[in-house]
1. Over the Cα atoms of the protein assembly as shown, how large are the radius of gyration and the largest Cα-Cα distance (Dmax), in Å?
2. Enter the buried accessible area of the B/A pair, total of both sides, probe 1.4 Å, in Å² rounded to the nearest 100.
3. Put a label point 7 Å from Cα along the Cβ direction on B:R17, then list its distances to the equivalent points in the other copies in nm, shortest first.
4. Over all residues in A:33-41, what is the mean tally of Cβ atoms on other chains that come within 10 Å of each residue's Cβ?
5. When the accessible area of each residue in region A:97-120 is compared between its chain alone and the complete protein assembly (1.4 Å probe; ligands, DNA and RNA ignored), which residues differ by at least 30 Å², being lower in the assembly?
6. At A:A199 and B:R198, where each label point lies 7 Å from the Cα along Cα→Cβ, what is the point-to-point distance in nanometres?
7. Which order, highest average first, do B:32-44, B:204-216, A:25-37 follow once you tally other Cβ atoms within 10 Å for each residue and take the mean per peptide?
8. In deg cm²/dmol, rounded to 500, what helix-only [θ] at 222 nm does chain B give when every DSSP H run of at least 4 residues adds -39500 (n - 2.57) and the total is split over its residues?
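The values are calculated or read from the model by the stated rules, or taken from the named source; none is laboratory data. Just so you know, these numbers come straight off a predicted model, no measurement behind them. Using ideal geometry, Cβ is built from the backbone for each residue, glycine included, and neighbour counts are taken over all protein chains shown. All accessible areas refer to the heavy atoms of the entire protein, side chains included, with ligands and DNA or RNA removed. Shrake-Rupley method; radii C 1.70, N 1.55, O 1.52, S 1.80 Å.
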Protein chains: 2
Amino acid sequence: MAGEVRETRPLRADARRNAEQLLAAARDVVVERGAGAPLDEIARRAGVGIATLYRRFPDRSALLRAVVLDALERTARAAAAALSEETDGFAALVRYMHAALDARVSAVIPLVLDILDPADDDLQSAREASAGLVQRVVDEAHADGSLPADVTFGDIGTLLVRLSRPLPGPVPPALDEELAHRHLDLLVEGLRPSPGRRAPGGPRLERADLRGLQEEARP
Amino acid sequence: MAGEVRETRPLRADARRNAEQLLAAARDVVVERGAGAPLDEIARRAGVGIATLYRRFPDRSALLRAVVLDALERTARAAAAALSEETDGFAALVRYMHAALDARVSAVIPLVLDILDPADDDLQSAREASAGLVQRVVDEAHADGSLPADVTFGDIGTLLVRLSRPLPGPVPPALDEELAHRHLDLLVEGLRPSPGRRAPGGPRLERADLRGLQEEARP
DNA sequence: CTCCAAGCGGAGAACGATCCTCCGGTTGTC
DNA sequence: GACAACCGGAGGATCGTTCTCCGCTTGGAG
């Protein structure tokens, strides 16, 4: 599991289980309520006392850091699997996108990333590794001709954010998840090259542009 | 302007201007931070003292009610314009969707609707009028054959919610808006009927299903 | 131009939510 | 079976939000 606080003697079995549940609960609650979500609620959702949360993660940013590391690791794994197990570039992209959706990964990262220390080496390298693999998925689909050149890395990333965030309002989680995949299905048909396809307007953001936005936002 | 608090003597010019700015600010802030957003921030964003907000809207729900009425009115107008000024059903749908995006309308409604009094007649009829017009836009595109039958009213509505919400993280508002329209362009290509098109999986939600969700959520 | 009712802004007390520690009790592991 | 590791939850400290009160400003009628 990513983002362990210390690498001392292994945790007792129950403690390790609790830490995992905390991480999962933190991911869900942050996705639903933002980076400032009450820690009490995370603990409750994990089925654990608030003290256990503080024992494992000394403060909010330690917890969020662990959540992000875990998320980045999951995206990276999904991208690597898509690259190695699919032959068609477009199929790999679609597979990656569905997997990213399942991991609720794209929703949590932008919510949390600007709270964390940008100089943190572990974070930077996890980010680099993950983004690099996704870039390769996109590049191979471009090379293939199976993804139009006017659909960029930035589009894939930001579209995943839109699809990953839960819908506001009274939508039960199970339905929400089904709908997200359905909407991805619909969208994917629009990404496919086809004879009468109209090019999208607006900015074609590349990976560097996204990075640039983030650096700009830090004074 | 929709949702006026009272219909007494007309407000002084500056007061009216302030009320409009408050409504716009409330819409934006609620979209960004949810229905519980601090009222101070709304006042600040409107360039107005907090007392002015309370003077015009006695409490949070009065303000939110006005925001929702305004939003519903805008969607209705957009749908009516699309119906009357476009001949092709698909073109009308696309036009409606872009207009709805501009009005940030779909984002605000689900965030706020479950806080308001479901027995409020003005709300109910505005809701009915607005949803009815959008339903007609969808129906005509279906009748046309220009929108596949497996794309439902619920899809259009929930997709608009996804596209309308601002992206989390350091995305400047202007860029965010451009991106939303770009993503709608991409999506729309997937909604268009085409020879090799794959049908989407998942639940086909109709208008009644959405209504049903909301009623379920009220105990 | 004058005047005043209508409107305004912002300070700050009251309130509620969240944080985070402390300690008596429970449980995994050797 | 014993003990170290771990747990839960109560509650004081802290922080953010709400909403009122009052002295100042301003639009617009005459």
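1. So, for the protein assembly as shown, Rg and Dmax equal 22.8, 75 Å respectively.
2. Counting both chains, the buried surface is close to 4000 Å².
3. Sorted ascending, the copy-to-copy spacings read 6.5 nm.
4. What the average comes to for A:33-41 is 1.
5. A:P110
6. Modelled inter-label distance: 2.7 nm.
7. A:25-37, B:32-44, B:204-216
8. -22500 deg cm²/dmol
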